[in-house]
Structure formats: structure tokens, C-alpha cells
């Protein structure tokens, strides 16, 4: 009996020793985890902590690594940690990751935008980084904005410089794609990990993120949702477009005052330009056909698109189109119903261009459904 107890004691001691030696070295204990403060700038803001359900933050909250912060359509949040202040923009999701080092910060932007002011100058071995699904921005004291939409990571640097890398399939930095983005410049890394560097334009300098990063002060707090933009009235044209008349309400009843002022106009089998010049064209839409509910964004590809002010899909106005540059606009289509839609673009100078049957949203047939 004594011998059995001795053997059991030896086994327990060995197991305890192995657990201590083989324990994860890169995880922080609860006591070591940094405290991160969260302030609601505009509602709605949501917090999901490890092991807990997501809930809406009313005003202030504290959290730590392992948590996810999300904002709704009109929600913005101020996130403060060791040496940094960040604003999580509308319709965004951010995960606060564990770096194994209390002096370093790593965050994962699942979608949306974040504006960060990093005031701490990190020592050797310390860092602040924000990842997306295909890129990572690494800084050592700067002010920048990062956006991730439709598999494109966009970086805008207001102060200092940021190292910007594409990611390999295993999530590691791809050093072959790395660029240094300096103040006054922006960079884009797409799904193919290519990097494009461009200078700021006047539109960049008139945004909320630019004003915040330049001054360190949040521009304003809106107590009510921003109003729907009003489209300029389109000139009368000979032909109006009617989409599929048998569409669900989501496709036919999404018109607004803005939409009613615009008429989708086309010639029979080609792109029509109204008051347009040769430098304003829609070449294609990608993807042009999508399964309902399967895709949140589509790309409008052409020339002269950087001056676009409004976008219509059928009779539905698209608020806040994401203008990547002269040749590309990304729009959200998750709220567009079934049907075949024309796309109309309105430029700041009043020029209008449209493309017939540019986008088709369809659904799969059920086994017993007739075509």
C-alpha cells in the first residue's frame, strides 16, 4: 500500500513538472492582461468578451485582450490602451488579440475602419500592429487609419510612417510585399497581396478620420443618424429602366426621396453617358451576377470614378460608396433584393453615367420549383 502511494505521488509530481515546463509561454495570466477602456462616441457599440454573450455598451466599459468590439450602422467607439487611442468607425469589428507581451498591442480588424493615434514610442521587442485578413500595419508611434472591405486593406498615414505588409496563407508577414507608408500617403493591398502607394487627395483631407488623426480630437458626436443624402435631379431622358416586376419588397420598396429624383437611363445594349465626357466610364461590374445573400460587396470598374458623389442600384441609393480610386468603387449590396439592376453614377460636377443591366441578383431554384 505504501509503495503504491509513493508511486502515485511520483507520478503526480512528474505530471506537475511537465505541465509547468510545457505550459504556453505566450499567454498572459488574467492578472497580467492590460486594461483597455471603451467609450461610446455614437451608438450602437457592442462588446463580446471571452466566454460571454455580446451586449450593447451604454456609455463606458473596460475590457482586455480576447474581446471583440463591434459598431453598428451609426456607432463609433473610442478604444484606449497602453500608449494608443483608436476610433472604431461605423459598421466595424475589431478583435483585441493576445501578444504575450503586456507592452505590445495586436488587433484584428475583421471588417470596417479604425483610426489610431499611437503616442508611445515602443522599445526594442515592443510593437503596435493591426491586422486584416490579408495585411498587417506595424507602427512605432504615428497616426493612421486602416480600412478593410471586400478583401482590400487600405492604409492612410497622417503622421510618422507605417510598415505595411501582405500576409501569407499561414498568417505570417510576407516580407516581399512590404512597403513603408509615410505621412500624407495611402497604400492598398488587395487579395493578391499587391501593394499600391498613392498620395492623399483633397477628399481624404476632408474626412472625419483625417480631422481626428490630425488634431487628436474626435470631430463631433451625432445624437441622431445622419440624413440620407439628396441626389441632384437628373435631366429627363427618353428611356427609363424597369427592373423585374415580380421582385420581393426588399427589391421594390427601397426607394427614398433621393432615389425618386433620379431616373435610371440607358440605351438598348450599351453604356449610356448623360452629360458625360470620355474620361467618365463604367467598363464593368464584378461580379456581375451574384447569388442572393452570398456577397456583401461588388466592384464598379471604369475611369474617372474618383469624383463620384452618388450611386444608384436600380432605384436604391447606395450611401457612403467606398471610392478606392480613379478606376474602382466598391458598394454594399447586402440589402438589395432579387432582380436585374442598372447602375447609375453621379459625379460632383453634375455628370451622370449609367450602365444597363449591370448587376443581377438571383436565388437558387428549389427542387420542385418551375423555372
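Bear in mind that the values in this text are calculations on the coordinates, not laboratory data. This one's a predicted model, so the numbers in the text were calculated from it and none came from an experiment. In this analysis, Cβ positions are derived from the backbone assuming ideal geometry, glycine residues included, and neighbour counts consider all displayed protein chains.
Label positions at residue 215 and residue 80, each projected 7 Å from the Cα along the C-beta direction, are separated by 1.8 nm. When the P(r) of the range 72-183 is calculated, the portion above 20 Å amounts to 35% of the C-alpha pairs.
What the Kirkwood sum gives for the range 125-180 is a hydrodynamic radius of 11.5 Å, with every pair of different alpha carbons counted.
Gyration tensor analysis over the Cα atoms of the range 172-217 returns equivalent ellipsoid semi-axes of 25, 12, 9 Å (largest first, whole Å).
Fewest Cβ neighbours within 10 Å first, please rank 362, 210 accordingly.
Numbers: 362 12, 210 19.
Starting with the residue having the fewest Cβ neighbours, the order is 362, 210.
Rounded to two decimals, the Cα radius of gyration of the range 79-121 over 2.2 N^0.38 Å is 1.16. Residue separation of residue 301 and residue 206 scaled by 0.36 nm, minus their Cα-Cα distance, works out to 31.8 nm of gained length. With the simple model of a label 7 Å out from the Cα in the direction of the Cβ, residue 172 to residue 286 spans 3.0 nm.
Between residue 360 and residue 55, the FRET efficiency from the beta-carbon distance, with R0 = 41 Å, is close to 0.55. Ranked for footprinting exposure by Cβ neighbours inside 10 Å, fewest first, 158, 138, 87 give 138, 158, 87.
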